[in-house]
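The values are calculated or read from the model by the stated rules, or taken from the named source; none is laboratory data. Bear in mind the structure is a predicted one, so any value in this text is a computation, not a measurement. Glycine also receives a Cβ, built like all others from the backbone with ideal geometry; neighbour counts cover every protein chain displayed. Heads up: the accessible areas ignore ligands, DNA and RNA and are worked out on the full protein's heavy atoms, side chains in. Shrake-Rupley method; radii C 1.70, N 1.55, O 1.52, S 1.80 Å.
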Amino acid sequence: SAYISITDVDKSYGAESPIAALKDINLDIKAGEFISIVGPSGCGKSTLLKCIAGLQPISAGSISIRNQPVNAPPEDMAIVFQRDVLFDWRTVLDNVLMLVEFKGLRRKDYHERGLKLLREYGLDGYAQRFPWELSGGMRQRVAICRAIIVDPDLLLMDEPFGALDAMTRDDLNAELERLWYETRKTVVFITHGIDEAVYLGDRVVVMARNPGRIAEIVEIDIPRP
Ligand code: ADP
Ligand code: ADP
(Lines give C-alpha, C1' and ligand atoms only; values in the text may rest on other atoms or scores of the structure.)
(Ligands and ions follow the chains in the order given, each with its own letter.)
Protein backbone atom coordinates (compact mmCIF):
# COMPACT_ATOMS: atom_id res chain seq x y z
CA SER A 1 0.00 0.00 0.00
CA ALA A 2 0.99 3.62 -0.42
CA TYR A 3 3.27 5.37 2.02
CA ILE A 4 1.40 8.65 1.54
CA SER A 5 -2.17 8.48 0.37
CA ILE A 6 -3.89 11.68 -0.75
CA THR A 7 -7.54 11.16 -1.62
CA ASP A 8 -10.04 13.69 -3.02
CA VAL A 9 -8.40 16.57 -1.19
CA ASP A 10 -9.79 20.08 -1.36
CA LYS A 11 -8.22 22.98 0.46
CA SER A 12 -9.56 26.48 0.69
CA TYR A 13 -8.29 29.44 2.66
CA GLY A 14 -10.60 31.91 4.37
CA ALA A 15 -14.12 31.44 5.67
CA GLU A 16 -16.07 34.37 4.18
CA SER A 17 -14.96 34.28 0.55
CA PRO A 18 -12.89 31.12 0.41
CA ILE A 19 -10.06 30.77 -2.10
CA ALA A 20 -9.87 27.26 -3.56
CA ALA A 21 -6.14 26.58 -3.28
CA LEU A 22 -6.50 22.83 -4.03
CA LYS A 23 -9.27 20.91 -5.76
CA ASP A 24 -9.69 17.12 -6.16
CA ILE A 25 -6.13 16.15 -5.38
CA ASN A 26 -5.46 12.42 -5.66
CA LEU A 27 -1.95 11.09 -5.33
CA ASP A 28 -0.39 7.99 -3.84
CA ILE A 29 3.31 8.09 -3.03
CA LYS A 30 5.33 4.93 -2.51
CA ALA A 31 7.97 4.56 0.20
CA GLY A 32 11.35 5.58 -1.19
CA GLU A 33 9.88 7.45 -4.11
CA PHE A 34 11.18 10.85 -5.21
CA ILE A 35 8.25 13.02 -6.29
CA SER A 36 8.84 16.36 -8.00
CA ILE A 37 6.03 18.93 -8.09
CA VAL A 38 6.04 21.66 -10.72
CA GLY A 39 3.53 24.29 -11.77
CA PRO A 40 3.00 28.04 -12.02
CA SER A 41 3.08 30.31 -9.00
CA GLY A 42 -0.20 30.10 -7.09
CA CYS A 43 -1.19 26.59 -8.24
CA GLY A 44 -1.05 25.29 -4.69
CA LYS A 45 2.32 23.55 -4.54
CA SER A 46 3.23 24.98 -1.14
CA THR A 47 -0.27 24.40 0.14
CA LEU A 48 -0.13 20.73 -0.86
CA LEU A 49 3.22 20.30 0.88
CA LYS A 50 1.93 21.99 4.03
CA CYS A 51 -1.15 19.75 4.02
CA ILE A 52 1.06 16.64 3.72
CA ALA A 53 3.19 18.03 6.54
CA GLY A 54 0.16 18.54 8.76
CA LEU A 55 0.88 22.27 8.90
CA GLN A 56 -2.38 23.23 7.16
CA PRO A 57 -5.73 21.54 7.71
CA ILE A 58 -7.48 20.24 4.59
CA SER A 59 -11.06 21.23 3.78
CA ALA A 60 -12.21 17.90 2.32
CA GLY A 61 -10.83 14.45 1.52
CA SER A 62 -8.07 12.69 3.40
CA ILE A 63 -4.31 12.48 3.68
CA SER A 64 -2.69 9.59 5.44
CA ILE A 65 0.89 8.56 5.99
CA ARG A 66 1.39 4.84 6.63
CA ASN A 67 -2.36 4.56 7.02
CA GLN A 68 -2.44 7.17 9.78
CA PRO A 69 -4.47 10.29 9.06
CA VAL A 70 -2.24 13.37 9.18
CA ASN A 71 -3.38 15.88 11.72
CA ALA A 72 -0.09 17.13 13.10
CA PRO A 73 3.46 17.18 11.73
CA PRO A 74 4.65 13.54 11.73
CA GLU A 75 7.58 12.72 14.01
CA ASP A 76 9.75 11.26 11.27
CA MET A 77 9.29 14.06 8.75
CA ALA A 78 11.57 16.97 7.98
CA ILE A 79 10.83 20.00 5.87
CA VAL A 80 13.09 22.48 4.09
CA PHE A 81 11.82 25.81 2.78
CA GLN A 82 13.17 28.18 0.14
CA ARG A 83 14.67 30.57 2.64
CA ASP A 84 15.15 28.53 5.69
CA VAL A 85 15.57 30.30 8.96
CA LEU A 86 18.97 29.90 10.50
CA PHE A 87 19.78 31.47 13.82
CA ASP A 88 22.56 33.88 13.04
CA TRP A 89 23.74 34.23 16.61
CA ARG A 90 24.21 30.47 17.06
CA THR A 91 27.03 28.53 15.42
CA VAL A 92 26.50 26.44 12.30
CA LEU A 93 26.76 23.25 14.36
CA ASP A 94 24.26 24.58 16.90
CA ASN A 95 21.87 25.28 14.05
CA VAL A 96 22.30 21.75 12.74
CA LEU A 97 21.65 20.34 16.22
CA MET A 98 18.65 22.55 16.89
CA LEU A 99 16.06 20.00 15.77
CA VAL A 100 17.78 17.36 17.86
CA GLU A 101 17.22 19.44 20.97
CA PHE A 102 13.72 20.36 19.88
CA LYS A 103 12.83 16.69 19.58
CA GLY A 104 14.15 16.04 23.06
CA LEU A 105 17.05 13.91 21.83
CA ARG A 106 20.48 14.14 23.38
CA ARG A 107 22.74 16.62 21.70
CA LYS A 108 25.92 14.71 22.41
CA ASP A 109 24.53 11.65 20.61
CA TYR A 110 24.33 13.70 17.42
CA HIS A 111 27.44 15.82 17.70
CA GLU A 112 29.64 13.53 15.57
CA ARG A 113 26.95 12.97 12.99
CA GLY A 114 26.47 16.74 12.73
CA LEU A 115 30.16 17.24 12.01
CA LYS A 116 30.13 14.38 9.49
CA LEU A 117 27.14 15.82 7.65
CA LEU A 118 28.76 19.25 7.52
CA ARG A 119 31.86 17.64 6.00
CA GLU A 120 29.78 15.75 3.46
CA TYR A 121 27.98 18.94 2.55
CA GLY A 122 31.15 20.88 1.86
CA LEU A 123 31.11 22.77 5.15
CA ASP A 124 34.22 21.29 6.68
CA GLY A 125 35.69 23.83 9.06
CA TYR A 126 32.48 25.84 9.38
CA ALA A 127 30.98 24.11 12.41
CA GLN A 128 32.01 26.88 14.79
CA ARG A 129 31.34 29.73 12.39
CA PHE A 130 28.10 31.69 12.25
CA PRO A 131 25.44 31.57 9.53
CA TRP A 132 25.82 35.27 8.74
CA GLU A 133 29.33 34.46 7.49
CA LEU A 134 27.99 32.02 4.86
CA SER A 135 26.73 32.38 1.30
CA GLY A 136 23.12 31.57 0.38
CA GLY A 137 24.10 28.15 -0.96
CA MET A 138 26.02 27.31 2.18
CA ARG A 139 23.10 28.39 4.35
CA GLN A 140 20.79 26.04 2.45
CA ARG A 141 23.30 23.23 2.94
CA VAL A 142 23.15 23.91 6.67
CA ALA A 143 19.35 23.82 6.51
CA ILE A 144 19.50 20.43 4.76
CA CYS A 145 21.96 19.06 7.32
CA ARG A 146 19.61 20.22 10.05
CA ALA A 147 16.65 18.53 8.36
CA ILE A 148 18.33 15.17 7.80
CA ILE A 149 20.39 14.82 10.97
CA VAL A 150 17.57 13.02 12.77
CA ASP A 151 17.25 10.66 9.79
CA PRO A 152 13.66 11.43 8.80
CA ASP A 153 11.71 8.90 6.73
CA LEU A 154 10.04 11.67 4.80
CA LEU A 155 11.75 14.76 3.44
CA LEU A 156 9.57 17.60 2.17
CA MET A 157 11.28 20.40 0.27
CA ASP A 158 9.65 23.62 -0.93
CA GLU A 159 11.95 25.09 -3.58
CA PRO A 160 14.92 24.56 -1.32
CA PHE A 161 17.36 26.00 -3.86
CA GLY A 162 15.00 28.45 -5.57
CA ALA A 163 16.77 31.54 -4.30
CA LEU A 164 20.21 30.41 -5.49
CA ASP A 165 22.17 30.89 -8.69
CA ALA A 166 22.08 28.14 -11.32
CA MET A 167 25.57 26.74 -10.65
CA THR A 168 25.02 26.43 -6.92
CA ARG A 169 21.64 24.90 -7.60
CA ASP A 170 23.17 22.24 -9.88
CA ASP A 171 25.69 21.36 -7.17
CA LEU A 172 23.01 21.04 -4.54
CA ASN A 173 20.78 18.99 -6.83
CA ALA A 174 23.66 16.59 -7.37
CA GLU A 175 24.11 16.31 -3.61
CA LEU A 176 20.42 15.77 -3.11
CA GLU A 177 20.48 13.01 -5.70
CA ARG A 178 23.44 11.38 -3.94
CA LEU A 179 21.64 11.60 -0.61
CA TRP A 180 18.58 10.01 -2.12
CA TYR A 181 20.54 7.11 -3.65
CA GLU A 182 22.24 6.42 -0.36
CA THR A 183 19.21 6.58 1.88
CA ARG A 184 16.16 6.04 -0.35
CA LYS A 185 14.03 8.32 1.74
CA THR A 186 10.67 9.38 0.47
CA VAL A 187 11.08 12.88 -0.93
CA VAL A 188 8.51 15.41 -2.10
CA PHE A 189 10.30 18.24 -3.86
CA ILE A 190 8.72 21.44 -5.16
CA THR A 191 10.55 23.34 -7.87
CA HIS A 192 10.03 25.89 -10.60
CA GLY A 193 12.60 24.15 -12.75
CA ILE A 194 11.21 21.44 -15.02
CA ASP A 195 14.76 20.28 -15.74
CA GLU A 196 15.57 19.61 -12.10
CA ALA A 197 12.13 18.08 -11.57
CA VAL A 198 12.89 15.54 -14.30
CA TYR A 199 16.51 15.07 -13.27
CA LEU A 200 15.59 14.20 -9.69
CA GLY A 201 12.09 12.75 -9.79
CA ASP A 202 10.76 9.24 -10.25
CA ARG A 203 7.53 11.00 -11.09
CA VAL A 204 6.78 14.62 -11.88
CA VAL A 205 3.44 15.97 -10.71
CA VAL A 206 2.41 18.87 -12.94
CA MET A 207 -0.07 21.24 -11.30
CA ALA A 208 -2.32 23.91 -12.81
CA ARG A 209 -4.16 26.76 -11.14
CA ASN A 210 -7.62 28.28 -10.66
CA PRO A 211 -8.34 26.04 -8.96
CA GLY A 212 -5.08 24.40 -7.91
CA ARG A 213 -5.13 20.86 -9.24
CA ILE A 214 -3.05 18.05 -10.67
CA ALA A 215 -2.96 18.40 -14.45
CA GLU A 216 -0.72 15.44 -15.16
CA ILE A 217 1.57 12.93 -13.52
CA VAL A 218 4.59 11.96 -15.60
CA GLU A 219 6.64 8.84 -14.93
CA ILE A 220 10.31 9.50 -15.52
CA ASP A 221 11.84 6.40 -16.99
CA ILE A 222 15.51 7.29 -16.84
CA PRO A 223 17.65 4.42 -15.54
CA ARG A 224 19.28 5.13 -12.19
CA PRO A 225 22.64 3.71 -11.13
P1 ADP B 1 2.35 27.91 -4.99
O2 ADP B 1 3.17 27.31 -3.94
O3 ADP B 1 2.09 26.99 -6.15
O4 ADP B 1 2.83 29.24 -5.44
P5 ADP B 1 0.47 28.41 -2.85
O6 ADP B 1 0.13 27.10 -2.24
O7 ADP B 1 1.44 29.28 -2.17
O8 ADP B 1 0.88 28.16 -4.37
O9 ADP B 1 -0.86 29.24 -3.05
C10 ADP B 1 -2.05 28.71 -3.67
C11 ADP B 1 -3.16 29.73 -3.54
O12 ADP B 1 -3.55 29.82 -2.17
C13 ADP B 1 -2.78 31.14 -3.98
O14 ADP B 1 -3.94 31.74 -4.50
C15 ADP B 1 -2.38 31.79 -2.65
O16 ADP B 1 -2.55 33.18 -2.69
C17 ADP B 1 -3.34 31.14 -1.68
N18 ADP B 1 -2.78 31.04 -0.33
C19 ADP B 1 -1.65 30.37 0.02
N20 ADP B 1 -1.44 30.43 1.35
C21 ADP B 1 -2.46 31.16 1.84
C22 ADP B 1 -2.82 31.57 3.15
N23 ADP B 1 -2.07 31.24 4.22
N24 ADP B 1 -3.95 32.31 3.29
C25 ADP B 1 -4.71 32.62 2.22
N26 ADP B 1 -4.43 32.25 0.97
C27 ADP B 1 -3.33 31.53 0.77
P1 ADP C 1 5.29 30.63 -3.13
O2 ADP C 1 4.52 31.09 -4.33
O3 ADP C 1 6.75 30.47 -3.39
O4 ADP C 1 4.67 29.48 -2.43
P5 ADP C 1 4.25 32.96 -1.83
O6 ADP C 1 5.04 34.21 -1.88
O7 ADP C 1 3.04 32.75 -2.67
O8 ADP C 1 5.29 31.80 -2.05
O9 ADP C 1 3.81 32.68 -0.33
C10 ADP C 1 4.69 32.84 0.74
C11 ADP C 1 3.95 32.45 2.00
O12 ADP C 1 2.78 33.26 2.18
C13 ADP C 1 3.46 31.01 1.96
O14 ADP C 1 3.66 30.46 3.24
C15 ADP C 1 1.99 31.10 1.64
O16 ADP C 1 1.27 30.04 2.26
C17 ADP C 1 1.61 32.43 2.24
N18 ADP C 1 0.59 33.08 1.42
C19 ADP C 1 0.53 33.11 0.07
N20 ADP C 1 -0.53 33.78 -0.35
C21 ADP C 1 -1.16 34.21 0.77
C22 ADP C 1 -2.33 34.96 1.02
N23 ADP C 1 -3.10 35.39 0.02
N24 ADP C 1 -2.65 35.23 2.29
C25 ADP C 1 -1.90 34.79 3.30
N26 ADP C 1 -0.77 34.06 3.14
C27 ADP C 1 -0.42 33.77 1.90
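Observations on the model:
- Nitroxide proxy distance, nm - points 7 Å out along Cα→Cβ at GLU216 and LYS30: 2.2 nm
- For the chain, the alpha carbon convex hull comes to 135 Å³ per residue, rounded to a whole number.
- Sequence of PHE81, PHE189 from largest to smallest accessible area, 1.4 Å probe: PHE81, PHE189
- Relative contact order for the range 62-172, counting Cα pairs under 8 Å that sit 6 or more residues apart, in percent: 40 percent
- Beta bridge orientation in the chain: antiparallel %, DSSP, nearest 5: 55 percent
- Its Kirkwood hydrodynamic radius, worked out from the mean inverse distance over all distinct Cα pairs, puts the range 133-225 at 14.4 Å.
- Lysine pairs with alpha-carbon atoms under 27 Å apart, the chain, spacing 8 or more or separate chains: 19
- Directionally averaged shadow of the range 82-198, computed from the convex hull of its alpha-carbon atoms, nm²: 7.0 nm²
- FRET efficiency, 1/(1 + (r/R0)^6) with R0 22 Å, evaluated for ARG184 and HIS111 via beta carbons: 0.30
- Simple label model, 7 Å out from Cα along Cβ direction - ALA60 to GLU75, nm: 3.4 nm
- Here the label points at ILE19 and PHE102, each 7 Å from Cα along the C-beta direction, are separated by 2.5 nm in the simple model.
- Taking all Cα pairs closer than 8 Å and separated by 6 or more residues, the relative contact order of the range 1-97 comes to 29 percent.
- Counting only protein heavy atoms and a 1.4 Å probe, the range 61-105 has 58 square angstrom of accessible area per residue.
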